[in-house]
Amino acid sequence: MLHGLDLLDEPLSQEVASRAVKTLARCQNSTGGFGGGPGQISHVATTYAAVNALAIVGTQEAYDLIDRSALLDWLRRLKQADGSFLMHEGGELDVRGIYCVLATVKLLNIVSPDLAANSEQFIACSQTYEGGIGGIPGVEAHGGYTFCAFAAMELLGKTELLDLDKLSRWLCFRQLAVEKGFQGRTNKLVDGCYSFWQGGAFPLLECALARRDGDEAGKVDLFNREALQEYILICCQGERGGLKDKPDKNPDYYHTCYVLSGLSIAQHRYAWDPVQEDIIVADGERGPVVVGNGQNLLPATHPVHNILPRHVTRIRAHFAQELPDA
Ligand SMILES: CC(C)=CCC/C(C)=C/CC/C(C)=C/COP(=O)(O)OP(=O)(O)O
Ligand SMILES: [Zn+2]
């Protein structure tokens, strides 16, 4: 919800910001990490979401809440020898865990080699014959897992271990010619949330290809930006607000966040910046691509973290000091 509001340029009042922190405080466990609600055990995905939410709030109160030391200990207990992470103690493992962990530790400056060990091999083995990436080695390629796996490879600096040509082909064919939005996997239906899970992989792809081939990223659009915006604007808006999967569905917070994120991705171009060692917004002289009224323009999101780039910069600067005994 906070990222959705950010994309709509809706400022957070101090009161709402502080209430968000107080709610998240009740979700943090002394054993490390955040559960999905007060009293729930810590989960890697809700920890990723909580830290992103606190980065968006961006106040001293928000930063002070995060117990980096307990979080790191908990993540180390979830790490598996094959490079993956359990989603929670006793839980399942797949590439979502690797992405959520690496994105979280990057924002909090608690990156350590033991957390990253063997993750690149786990992800490389999860790329399928189709070219997309599945949750674990041997299962069907899916957009949700492909984004997580690819963004994790970006965080590891190892995108070259993926077959980028096959990945390009798979991603391009997930945008449907008639509906104009993305499907999550071969022969399945279009869904607005894949505007981000598939669409968000394109900035990663363009930068990975540019690093590999020495080209200027973003010279050629690898997906149809206007068509995706048409699907979103025409088919995914709820009549009473919110965004949705497809016309016969109801809006919900998840689809509102990810459809808006995909709309933002479709409007902006990105490039790899070797100085900052990060993917940066590079709309250039052509400017953003906006379908419809100019008021449809959204701010650019960070394609790895999916929060606004300024929040990434700010929280990383805040936690610039490393943990003493990490
Ligand atoms: C950071 C994080 C936790 C990311 C989650 C990524 C994500 C969206 C994963 C997809 C999970 C999944 C099993 C989809 C298939 O659902 P389905 O069969 O209902 O949908 P489909 O028909 O579109 O494949
Ligand atoms: Zn969906």
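The values are calculated or read from the model by the stated rules, or taken from the named source; none is laboratory data. Remember, predicted model here, so these are calculated numbers, not experimental data. Cβ: placed from backbone, ideal geometry, glycine included. Neighbour counts: every protein chain shown. Note: areas computed on protein heavy atoms with side chains; ligands, DNA, RNA excluded. Shrake-Rupley method; radii C 1.70, N 1.55, O 1.52, S 1.80 Å.
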*Which one is nearest to Tyr99 (Cα to Cα), of the residues in region 168-204 that are of a type in the set (Phe, Trp, Tyr) and away from ligand 2 (no atom under 16 Å from the Cβ)?*
Phe202
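Report whether or not Glu206 is more than 16 Å from ligand 1 (Cβ to nearest atom), open to solvent by 40 Å² or more (accessible area, probe 1.4 Å) and not basic (Lys, Arg).
Values: more than 16 Å from ligand 1 (Cβ to nearest atom): yes; open to solvent by 40 Å² or more (accessible area, probe 1.4 Å): no; not basic (Lys, Arg): yes.
Against the criterion (more than 16 Å from ligand 1 (Cβ to nearest atom), open to solvent by 40 Å² or more (accessible area, probe 1.4 Å) and not basic (Lys, Arg)), Glu206 does not qualify.
Would you kindly identify the helices (runs of 4 or more DSSP H) lying entirely within region 1-69 that contain at least 2 residues that are of a type in the set (D, E, K, R)? Give the derivation first.
Numbers: elements: 2-7, 14-27, 44-57, 60-65.
Of the helices (runs of 4 or more DSSP H) lying wholly inside region 1-69, those with at least 2 residues that are of a type in the set (D, E, K, R) span 14-27, 60-65.
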*In region 299-320, which residues are under 17 Å from the mean Cα position of the chain (by Cα) and farther than 20 Å from Ile98 by Cα?*
Pro299, Ala300, Thr301, Leu308, Pro309, Arg310, His311, Thr313, Ile315
*So which residues in region 173-194 are away from ligand 1 (no atom under 12 Å from the Cβ), in contact with a helix residue (DSSP H, G or I) (Cβ under 9 Å, 6 or more places away or on another chain) and outside any loop (DSSP other than H, G, I, E, B)?*
Gln175
*Six or more apart or on different chains, Cβ under 6 Å: which pairs go from a residue in region 240-251 that's modelled with pLDDT of 95 or more to one that's within 13 Å of ligand 2 (Cβ to nearest atom) and not in a loop (DSSP other than H, G, I, E, B)? Could you list them?*
Gly242/Thr256; Leu243/His255; Leu243/Thr256; Leu243/Val259; Lys244/His255; Asp245/His255; Pro247/Cys235; Pro251/Leu243
*Filter region 85-98 down to residues that are touching a residue at least 40 places away in the same chain (Cβ under 8 Å) and more than 11 Å from Gly135 (Cα to Cα) and give me whichever is most open to solvent (accessible area, probe 1.4 Å).*
Glu89
_Of the criteria (1) closer than 26 Å to Asp9 by Cβ; (2) more than 16 Å from ligand 1 (Cβ to nearest atom); (3) open to solvent by 10 Å² or more (accessible area, probe 1.4 Å), which one Gln229 fails_ = (3)
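Do we find a residue being basic (Lys, Arg), over 20 Å from the mean Cα position of the chain (by Cα) and open to solvent by 20 Å² or more (accessible area, probe 1.4 Å) anywhere in region 279-290?
Yes, region 279-290 contains at least one residue that is basic (Lys, Arg), over 20 Å from the mean Cα position of the chain (by Cα) and open to solvent by 20 Å² or more (accessible area, probe 1.4 Å).
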